[in-house]
Amino acid sequence: MTKQFRTTLKLAIAVAAVAITPSALAADATANTSATIMQPITITKVEDLAFGKFGVGAGGSVTISTSGVRSSTGVVEMASTTTAAKFDVAGETGATYSIALAPTTLTSGANSMTFTTISDLTGANATSGNAATGTLTGGAQSVYVGGVLTVGAAQAAGLYSGTLVATVQYN
């Protein structure tokens, strides 16, 4: 190798070493991070569901609409107070949620009657079933629950009671 070639080679290696520095092999970028913790969803019972008083008759059913109006078939209605259950749901404004209603049996001692729920999230359109969905417009919504109670022809007299469990969660 000639001296000139060695000098040129050393110079080329030095230039390459300067050109290939760690800053040329790596780059940085940043991203912002965020998290939002939603307001907890809550449900509060405002009103109980009451089917009122009635006599058995031939047996049939007693229905309480989501507005608390009673109708029946096969029983003898007695003057009494009837109400639909009312639950208030509160949480994150604009969030959607689902509500599940646990099936209920009303009992009086060893006697029982089955109960099917009717729920209404809008105040206008009742739907049968044990689940529904809604949107928390303004962060709150009321849910009205009525039901259909099946009464046997030989249903024993007594005060029948049970619980209606409403469970709510964000979708």
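The values are calculated or read from the model by the stated rules, or taken from the named source; none is laboratory data. Quantities reported herein were computed from a predicted structural model and do not represent experimental measurements. Note: ideal-geometry Cβ built from the backbone for every residue, glycine included; neighbour counts use all protein chains shown.
At least 2 residues being over 27 Å from the mean Cα position of the chain (by Cα) is the threshold, and among the strands (runs of 3 or more DSSP E) wholly inside the stretch 30-90 those reaching it are 60-64, 70-73. Total residues in the stretch 120-158 satisfying the condition of being at pLDDT below 80 and either part of a strand (DSSP E or B) or under 23 Å from Gly55 (Cα atoms) (or both): the figure is 5.
Here Asn130, Asn171, Asn111 are screened, and the one residue that is touching a Pro at 6+ places or on another chain (Cβ under 7 Å) and farther than 16 Å from Glu47 by Cα is Asn130.
The set of residues from the stretch 92-106 being closer than 30 Å to Gly138 by Cα and over 11 Å from the mean Cα position of the chain (by Cα) comprises Glu92, Thr93, Gly94, Ala102, Pro103.
When the stretch 44-70 is filtered for residues that are β-branched (Val, Ile, Thr) and either surrounded by 16 or more Cβ atoms within 10 Å (Cβ to Cβ) or under 17 Å from Tyr160 (Cα atoms) (or both), the ones remaining, listed by number, are Val56, Val62, Thr63, Ile64, Thr66.
Filter the stretch 91-114 down to the residues that are crowded, with 18+ Cβ neighbours inside 10 Å and not polar (S, T, N, Q) and list them by number. Once the filter is applied, which keeps residues that are crowded, with 18+ Cβ neighbours inside 10 Å and not polar (S, T, N, Q), the stretch 91-114 yields Gly91, Tyr97, Ile99, Leu101, Leu106, Met113.
Here's the yes/no breakdown for (1) within 30 Å of Gln39 (Cα to Cα); (2) out of contact with any Gly (no Cβ under 6 Å at 6 or more places or on another chain):
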{"site": "Ala79", "(1), (2)": "no, yes"}
{"site": "Asp88", "(1), (2)": "yes, yes"}
{"site": "Glu92", "(1), (2)": "yes, yes"}
{"site": "Thr96", "(1), (2)": "yes, yes"}
{"site": "Ala100", "(1), (2)": "yes, yes"}
{"site": "Ala110", "(1), (2)": "no, yes"}
{"site": "Phe115", "(1), (2)": "no, no"}
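The set of residues from the stretch 152-164 being within 13 Å of Leu106 (Cα to Cα) and of a type outside the set (S, T, N, Q) comprises Gly152, Ala156, Ala157, Gly158, Leu159, Tyr160, Gly162, Leu164.
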